[in-house]
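Working notes for the structure below.
Please treat every number below as a calculation from the coordinates, not as lab data. Here the structure is a predicted model, which means the values were calculated and not measured. Using ideal geometry, Cβ is built from the backbone for each residue, glycine included, and neighbour counts are taken over all protein chains shown.
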Amino acid sequence: MSAALPMALRARFQEYIEEGLSGRAAAARLKVSAATGVRWLRRIRERGNATPDVQGRPKGHGKLALHREFLVELVAQDGDITLPELAGALKAATGVVAHSASIGRFLRKLGYTYKKSHWWPPSGSAPM
């Protein structure tokens, strides 16, 4: 899937259409393909503007979204709880089976982070 073209370009295209140019002529002036001009013209006629559609999955409709409060409460009770323990507690309490990586992604979207602590020897005292 290609990247969406800038809104400024789409706005100028719409201005050219309002001035009376055809979709192909406006596209040629802006140096975009004729097919893009025709698509944008159809979108302007149907919606009134050439804004792109929202891409990606809809937000907040996964199976973990229903159990947000439960997971947040578990993390608040025990800050050192592991993701497999969260998955086990979720399955035991609600019967929902979720992979620990999915729970980790869900918690990161909620703003929870985890920083690993590494032990590094001091720079001058490395064993020989």
Worksheet, complete the sentence: Ranked from fewest to most other Cβ atoms within 10 Å of their own Cβ, 64, 83 fall in the order 83, 64
Worksheet, complete the sentence: Working note, the chain: Cα radius of gyration (Å, one decimal) and Dmax (Å, whole number) are 25.9, 80
Discussion item. Whole-Hz ³J(HN,Hα) for each residue in region 28-45, computed from phi via Karplus 6.51 cos²θ - 1.76 cosθ + 1.60 with θ = phi - 60°, x for glycine and proline: what do you get?
Written reply: 5, 5, 8, 6, 10, 5, 5, 5, 5, x, 5, 5, 5, 5, 4, 5, 5, 5
Fill in: Stokes-Einstein D for region 3-58, Kirkwood Rh over Cα pairs, 20 °C, 1.002 mPa s (µm²/s)
190 µm²/s
Worksheet item: With r defined as the distance between the Cβ atoms of residue 114 and residue 68 and R0 fixed at 22 Å, what FRET efficiency is calculated, to the nearest 0.05?
Response: 0.75
Discussion item. Run lengths n ≥ 4 of DSSP H only: what is the helix-derived mean residue ellipticity at 222 nm for the chain, with -39500 (n - 2.57) per run over all residues, to the nearest 500?
Written reply: -16000 deg cm²/dmol
Item to complete: Go through region 90-104 residue by residue and turn each phi into a ³J(HN,Hα) via Karplus (6.51, -1.76, 1.60, θ = phi - 60°); whole Hz please, and just put x for glycine and proline.
Response: 5, 5, 5, 7, 10, x, 8, 9, 9, 6, 4, 5, 5, 5, x
Worksheet item: Around residue 94, with a cut-off of 13 angstrom between Cβ atoms, what is the net charge of the other residues, counting Lys and Arg +1 and Asp and Glu -1?
Response: +1
